[in-house]
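Novice: Take this structure first; my questions come after.
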Amino acid sequence: MAAISSDIEAAASFLNDGELVGIPTETVYGLAGNALNGEAVARIFEVKERPSFDPLIVHISSPDQVNSYCEEIPDPLRPLADKYWPGPLTLLLKRKSIIPDLVTSGLDRVAVRVPSHHLTLALLQILPFPLAAPSANPFGYISPTTAMHVEEQLGDKIPMILDGGPSKVGLESTIVGMEDGRVCIYRLGGLSVNDIEAEVGRVEVKSHSSSNPQAPGLLKSHYAPKKPFILGDLKELVLEAGDQVDFGILSLSQSFKNIPAERQIQLSASANLSEAAQNLFSSMRALDALEVDRIFAELMPEEGLGRAINDRLRRAAAKA
Ligand code: TXA
Ligand code: MG
């Protein structure tokens, strides 16, 4: 059992001792350690059972701190940092040597973000170092959006989880960087492509790549429940299942009269995609925990946050 509380002094004390703490962010909960301490960073990989070729995001309390750890933000990315930090935006920036190799898996860019959560920002402000934090789930499983999710899976491996309530965005940050002078999105996430393009013009979305070993967040099968997760037209899937009512249903807003209510989850009754994003991971977990053999799910409209939700749904449905 980890201690679960909103005591940032206690969290700071563990982190100062090189230990790991679950931290709330607006996207998902993170498994945090001192980003400048190689042993703490190594422990993150161990606790998460994460391959060491998967680099970590470094969390800082304010954009002013970027220069301590990275080279200048390239001009084309500046409007994004100005507008969306703190927020669900991660920038890939050229790192300075103070960042341990293990954090970046030896890459020359480091992923940096200023999270938008009052507790974690207050914690970062009293710490003399930034926090490396991947999502606080075992590698490949669904990301946590509450302190209880973290407790269920990592509670016996870490001393404390800072409880900041349910994550408001519910999808991991959008990862953005420059390549050949162009702005690229490497992972779709809680900041939509439209919002990014409104600041910087057309961008290239690279996250369709199915198996980039340098970024397992982009692996084809990731963010996955333990049960078979089947994407399709829900009406057809239900019809095909016939009398075999051994499934749970994840829909945007539709419900099915002949299926027990406790086996179906609507992400947003009003089909609001921000609300759907917020509910996505906890709903996938809830269905995974039901007495059902498989989960049927449908894609969202490919617009706004629907694109990032669909990215997660496709990876959840992909075979390893
Ligand atoms: O919202 C989020 O980003 C959450 C919260 C806790 O901040 N964190 C998160 O971390 O989702 P994680 O470790 O689950 O996913 C980070 C992904 C990696 O899988 C990798 O794809 C990419 O970020 N990444 C990190 N550093 C990178 C780098 N230097 N170059 C390329 N990709 C990088
Ligand atoms: Mg993750």
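Novice: From the phi of every residue in region 29-46, what ³J(HN,Hα) in whole Hz does the Karplus formula 6.51 cos²θ - 1.76 cosθ + 1.60 yield, where θ is phi - 60° and glycine or proline is x?
Specialist: Karplus values, whole Hz, x for Gly and Pro: 6, x, 9, 9, x, 4, 5, 9, 10, x, 5, 5, 5, 4, 5, 4, 4, 5.
Novice: Given K206/K319; K94/K226; K206/K235; K83/K168, which pairs have Cα atoms separated by over 27 Å?
Specialist: Check vs 27 Å cut-off fails for K94/K226; K206/K235.
Novice: Okay, next question. Note down the magnitude of the dipole of region 1-130 about its Cα centre, charges +1 on Lys and Arg C-beta and -1 on Asp and Glu C-beta and zero elsewhere, to the nearest 20 debye.
Specialist: Roughly 300 debye, rounded to the nearest 20.
Novice: Give me the three principal axis extents of region 8-82 from the C-alpha atoms, as integers in angstrom, largest value leading.
Specialist: Its Cα atoms span 37, 32, 23 Å along the three principal axes.
Novice: Please give the length that would be gained between E71 and K319 if that part of the chain were fully extended, namely 0.36 nm times their separation in residues minus their C-alpha to C-alpha distance (nm, one decimal).
Specialist: Result: 85.4 nm gained on full extension.
Novice: What is the antiparallel percent of DSSP beta bridges lying wholly in the chain, to the nearest 5?
Specialist: Taking every DSSP beta bridge within the chain, about 45 percent pair in antiparallel fashion.
Novice: Moving on to the next point. At a threshold of 8 angstrom on Cα-Cα distance, excluding pairs fewer than six apart, so keeping six or more, what relative contact order does the chain reach in percent?
Specialist: This gives 20 percent for the chain.
Novice: Also, quick follow-up: Within a Cβ distance under 12 Å of A42, other residues only, what is the Lys/Arg minus Asp/Glu net charge?
Specialist: Local net charge: 0.
Novice: If contacts are Cα pairs under 8 angstrom and at least 6 residues apart, what is the relative contact order of region 156-198 in percent?
Specialist: 31 percent
Novice: In percent, how large is the relative contact order of region 47-127, given Cα pairs closer than 8 Å and 6 or more residues apart?
Specialist: Once normalised by length, the contact order is 41 percent.
Novice: Same structure again: Quick one: Debye curve from the C-alpha atoms of region 81-155, no solvent, what's log10 I(q)/I(0) at q = 0.13, 0.14, 0.18 Å⁻¹?
Specialist: Each listed q corresponds, in turn, to -0.50, -0.59, -0.96.
Novice: Also: What is the list of residues in region 239-255 whose amide nitrogen lies under 18 Å from a point 7 angstrom out from the Cα of D293, following Cα to Cβ?
Specialist: 239-250
Novice: Would you please give the residues with an amide H less than 5 Å from that of F296, counting only those at least 5 places away or on a separate chain, with H modeled from the backbone geometry?
Specialist: I230, G248, I249, L250
Novice: So, one more: Treat every Asp and Glu Cβ in the chain as -1 and every Lys and Arg Cβ as +1, leave all other atoms uncharged, and give the resulting dipole magnitude about the Cα centre to the nearest 20 debye.
Specialist: 480 debye
Novice: Return the percentage of antiparallel bridges among DSSP beta bridges fully within region 37-116, rounded to the nearest 5 %.
Specialist: Bridges in region 37-116 are about 60 percent antiparallel.
Novice: Hey, another quick one. For I4 and D180, what does the FRET efficiency come to when R0 = 41 Å and r is the distance between their Cβ atoms, rounded to the nearest 0.05?
Specialist: It comes to 0.35.
Novice: Which of K257, K83, K227 ends up with the largest GNM mean-square fluctuation for the chain, with Cα atoms connected below 10 Å?
Specialist: Looking only at K257, K83, K227, the biggest GNM fluctuation is shown by K257.
Novice: A further question on this structure: Please list 3J(HN,Hα) in residue order for region 192-203, calculated via the Karplus relation 6.51 cos²θ - 1.76 cosθ + 1.60 where θ = phi - 60°; whole Hz, with x for glycine and proline.
Specialist: 6, 4, 4, 5, 5, 5, 5, 8, 10, x, 4, 10
Novice: Most fluctuating residue of D233, D246, D180 in a GNM of the chain with Cα springs under 10 Å: which is it?
Specialist: D180
Novice: Please list the equivalent ellipsoid semi-axes of the chain, computed as the square roots of five times the alpha-carbon gyration tensor eigenvalues, in descending order and whole angstrom.
Specialist: Working from the Cα gyration tensor, I get semi-axes of 33, 23, 17 Å.
Novice: Here's a follow-up. Using only the C-alpha atoms of region 32-122, find the volume of their convex hull and express it per residue in Å³.
Specialist: With only Cα atoms used, region 32-122 gives 96 Å³ per residue.
FYI, it's all coordinate maths here, none of it is from the lab. Bear in mind that the values here come from a model prediction, so they are computed numbers and not experimental data. Note that we place each Cβ from the backbone using ideal geometry, even for glycine, and neighbour counts take in every protein chain shown.
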